[in-house]
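The values are calculated or read from the model by the stated rules, or taken from the named source; none is laboratory data. Bear in mind that the values here come from a model prediction, so they are computed numbers and not experimental data. Positions of Cβ are backbone-derived with ideal geometry, glycine not excepted, and every protein chain shown enters the neighbour counts.
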Amino acid sequence: MRLCGQWFDETILARIVDTVKRVPDISRSALAERVCHWLSWNNIRGQPQLGGARKALAELDRRGAIQLPPAVTVPVRTPTEPAPPARAPQAVVAGELASLGAVRVERVDTAAQRALYRQLMQQHPLGDQPLCGAQLRYLFSCPAGYLGAAAFQSASFALLARDQWIGWSEPTRRGNLARVVANARFLVLPSVSVPHLASHLLGRLTRQLPEDWEARYGVRPLLLETFVHPDYDGTCYKAAGWECVGQSAGRRDGVAKAIWVRPLAPEARKALRQGPACLPRERPQHPANWIENEFGGLRLWDARLRERLYQVAEDFWSRLQSPSLTRRCADRARTMGAYRFFRNPKVNLSILLEAHRQAVIERMAEHPLVLVPQDTTSLNYTGHRDAEAMGPIGTKVEGGPIGLILHNSHAFTPEGVPLGVVSADCWARDPEAHGQTRQPEERESRKWCDAYATLQEMAARLPDTTLVSIGDREADLFELFALARDPHSPRLLVRAHKGRSRQVIHDAALTPLWEHVTGLPAAGRLELQLPRRGNRRARRAELEVRFAPVRLKAPKTSSDAPIDLWAVHLWERDPPPNTEAVEWLLLTNVATTSFADALERARWYSARWGIEVFHRTLKTGCRIEDRQLGYRTRLENCLAVDLVMAWRVYYLTMMGRVDADLPCTVFFQDPEWKALYSWHHHTIELPDKPPSLKEAVLWIAMQGGFQGRKSDGAPGVEVLWHGLQKLDVAIDMYLIYRPNERGALRREYPPWYLHPDAGEEDSG
């Protein structure tokens, strides 16, 4: 039978009856918790749906299908009479907004604040009525007294105009509705007559609410909604950037109201349309159980999908360089399961990477400075059979290469250790629109702004970490600098593009940016090691360094105000013969007032090479361009798993260089390092303690073809790819001769990840 949205078959009913028989003193709440565990029945925050479970159990008891244990009676406490609240000092002001002084927006948390809120809200036309579902309240005040109040609650279950504006499907609406929050009340007291105050307060709320809502409920909202009575025109909402999307049906009181919405993030509509949102969940932090670390926080609505993802990740890691799923998966059943997983409409690139992003945030929090370069690369699928929904990736549309475009950002420590993928967006170009002039919101350059907006959301969760977004010449966008105006936003460092015709305001006159900066005297010289790139050999270059503050004028197509930045110019005066001189002009919103600051900005920009290495690792190591999955969405889902695989190999490479003295157990489980030791040394005698991470990385690289000569330097990513693939075979052979250690390599699932058929002893 189906109760409260869940199927209760004979197996579940038998388990309930058996549990009550074996544990006669079990409480109804404890029984409901076990039922939630058996059915994987959780709410949007990943917590057991105890209310629905208790309701279903009561109905089963009423129908005679089960017999519940007796209810436990709790003695009722006589509440003490609360003291009458103090009268809220209401402001009586008129004039300009600047004359109010410091305007505060404070969240209602204490009993005294709730009493003040009720007093103020009595002056609202709808009064102080109870809110529905999740809720937050706010008070507005200034030195003269309280200005008003506001309240937010769970969104309406179904609104035709809103749902059509978002464009989500019914399953997606049910899954992502928690990401929409309703503004239930907004009040500016009648005694306050200040122009633009209402829109100012609404703007403050849209910036503060996402953090407060996520801190209380664990879900970050993407959209606000509200209703405006036909007696009002919604002027303050319009001034605050809200949009009217239609009218309600007016079923409750017979009055159709205007529906206004306000997105809280770039492309919020797109995010709400992309299936059930993934929410962070607690997971074990065991270095050996890296699959749980990177995917354990992923919340898919089907437990079987979670199990399949774990299996796919394990197979991908075991056979890193196998181009096809048939070779990557252990048998035909796993291969078919991987194909079904990648074409499942419930998963997509964003969902599969969400848990990894949570792990990245945790790693970023351990560092005071994190560099986040972003870049675009193309994935070539020309000549693939059944390649559908692909677009041109070159300049030619007819007869040119086809594939997908990947734009991603990656976090690095200043030492170059990769911390993980911060954002990733994949798309196919429209052949008909390729090369044509588009609207600003439709241009591919918007991906740079979108990636920076994602980093802004992360920065709010990392108050003790300085984040620096780094981009090459394609990121030289005035819109990107405009996003970074907020002093609390991540810092920005971009290489200027000569073709942009940037102008700066200097001495009340307009001067070309490059002419202004190159005319400055040199502050000093810098020796920089340039990596190999294409046909260019690796070499050391001596660069002249100039720096100065600049006021960048907005382009003619923009009405924005000028932006104050710092420019750092690096130029190679004497390049080798037949070699193009190195010249960088870096623009940043980080104060650069000394030669040492300028050198640091140059070192920051050098970190951008790390993302190019990551892309090369993804293509040559994971061989993502050799995937024969046909359709774009399947390739994107596979790309999400390969992005994590490529990061892990790159992470191992750099950790072996930077933190060489760490024990190898931070990366390898006991059977793995023992198999590696026996394989490399051709012995069955094992050391008393594990080797260092540097030694383990060197042994793997040598099995992958690394010579280890003095002139070879540190092992690179490619030899580690080959070595890890051979290591997988060595581990299998090791466990054949030492089967008693096979259990130590077993995946240890997090406590919340239990199959519904798990035994009773596992559910405690």
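Please go through region 578-633 and pick out each residue that is acidic (Asp, Glu) and either surrounded by fewer than 18 Cβ atoms within 10 Å (Cβ to Cβ) or within 21 Å of Pro549 (Cα to Cα) (or both).
Taking region 578-633 as the starting set, the residues that turn out to be acidic (Asp, Glu) are 580, 583, 597, 600, 612, 625-626.
Answer for region 578-633, where residues must be acidic (Asp, Glu) and either surrounded by fewer than 18 Cβ atoms within 10 Å (Cβ to Cβ) or within 21 Å of Pro549 (Cα to Cα) (or both): Glu580, Glu583, Asp597, Glu600, Glu612, Asp626.
Residue check, Tyr232 against (1) of a type in the set (Phe, Trp, Tyr); (2) buried (at least 16 other Cβ atoms within 10 Å of the Cβ); (3) not in a helix (DSSP H, G or I), all met but one. Which one? Condition not satisfied by Tyr232: (2). Taking the conditions (1) over 17 Å from Trp571 (Cβ atoms); (2) touching a helix residue (DSSP H, G or I) at 6+ places or on another chain (Cβ under 8 Å); (3) among the aliphatic types (A, V, I, L, M) in turn, Ala523 satisfies each one other than (1). Given the criteria surrounded by fewer than 21 Cβ atoms within 10 Å (Cβ to Cβ) and either out of contact with any strand residue (DSSP E or B) (no Cβ under 7 Å at 6 or more places or on another chain) or in contact (Cβ under 8 Å) with a residue 12 or more places away in the chain (or both), does Ala178 qualify? When the stated conditions are applied, Ala178 does not pass them. Of the numbered conditions (1) over 14 Å from Leu264 (Cβ atoms); (2) assigned to a helix (DSSP H, G or I); (3) of a type in the set (A, V, I, L, M, F, W, C); (4) touching a strand residue (DSSP E or B) at 6+ places or on another chain (Cβ under 7 Å), Leu205 fails exactly one; give the number of that condition. Tallying (1) over 14 Å from Leu264 (Cβ atoms); (2) assigned to a helix (DSSP H, G or I); (3) of a type in the set (A, V, I, L, M, F, W, C); (4) touching a strand residue (DSSP E or B) at 6+ places or on another chain (Cβ under 7 Å), Leu205 fails exactly one: (1). Only residues that are part of a loop (DSSP other than H, G, I, E, B), modelled with pLDDT of 90 or more and not β-branched (Val, Ile, Thr) were counted across region 388-413, and they come to 0. Of these, Leu120, Leu131, Leu189, Leu116, which one is crowded, with 16+ Cβ neighbours inside 10 Å, touching a helix residue (DSSP H, G or I) at 6+ places or on another chain (Cβ under 8 Å) and outside the structural domain of Asn42 (by TED's automatic domain parsing)? Going through Leu120, Leu131, Leu189, Leu116 in turn, the sole match is Leu189. Within region 244-262, being loosely packed, with under 15 Cβ neighbours inside 10 Å and in contact (Cβ under 8 Å) with a residue 40 or more places away in the chain holds for one residue alone: Ala249.
Would you confirm whether any residue within region 54-73 is more than 24 Å from Val17 (Cα to Cα), at pLDDT 85 or above and not in a loop (DSSP other than H, G, I, E, B)? Write out each step before concluding.
Here is the first cut: in region 54-73, the ones more than 24 Å from Val17 (Cα to Cα) are none.
Within region 54-73 (the criterion being more than 24 Å from Val17 (Cα to Cα), at pLDDT 85 or above and not in a loop (DSSP other than H, G, I, E, B)), the answer is no, since none of the residues qualifies.
Of all residues in region 297-313, count the ones that are in contact with a helix residue (DSSP H, G or I) (Cβ under 6 Å, 6 or more places away or on another chain) and modelled with pLDDT under 80. So the count comes out to 3.
Restricting attention to region 143-194, report how many residues are in a loop (DSSP other than H, G, I, E, B) and more than 15 Å from Phe227 (Cβ to Cβ).
Residues of region 143-194 that are in a loop (DSSP other than H, G, I, E, B), as a first pass: 143-144, 155-159, 167-169, 189-191, 194.
Among the residues that remain, those that are also more than 15 Å from Phe227 (Cβ to Cβ) are: 143-144, 167-169, 189-191, 194.
The qualifying residues number 9.
Among the residues of region 6-23, is there at least one that is aliphatic (A, V, I, L, M), part of a loop (DSSP other than H, G, I, E, B) and surrounded by 19 or more Cβ atoms within 10 Å (Cβ to Cβ)? Quick ask: steps written out before the conclusion?
Initially, region 6-23 is screened for residues aliphatic (A, V, I, L, M), giving 12-14, 16-17, 20, 23.
Next, from what is left, pick out any that are part of a loop (DSSP other than H, G, I, E, B): 23.
The next check asks that each one be surrounded by 19 or more Cβ atoms within 10 Å (Cβ to Cβ); those that pass are none.
No, region 6-23 contains no residue that is aliphatic (A, V, I, L, M), part of a loop (DSSP other than H, G, I, E, B) and surrounded by 19 or more Cβ atoms within 10 Å (Cβ to Cβ).
Among the residues of region 512-571, the ones that are among the basic types (Lys, Arg), under 17 Å from Ala482 (Cβ atoms) and surrounded by fewer than 17 Cβ atoms within 10 Å (Cβ to Cβ) come to 2 in all.
Any residue in region 582-593 that is part of a helix (DSSP H, G or I), more than 24 Å from the chain's Cα centre (by Cα) and hydroxyl-bearing (Ser, Thr, Tyr)? No, the conditions are met nowhere in region 582-593.
Could you list, in sequence order, the residues of region 100-124 that are touching a residue at least 60 places away in the same chain (Cβ under 8 Å) and over 34 Å from the mean Cα position of the chain (by Cα)? Please lay out each step first, then the result.
Of region 100-124, the ones touching a residue at least 60 places away in the same chain (Cβ under 8 Å) are 100, 103, 105, 107, 120-121, 123-124.
Selection gives Leu100, Leu120, Met121, Gln123, His124.
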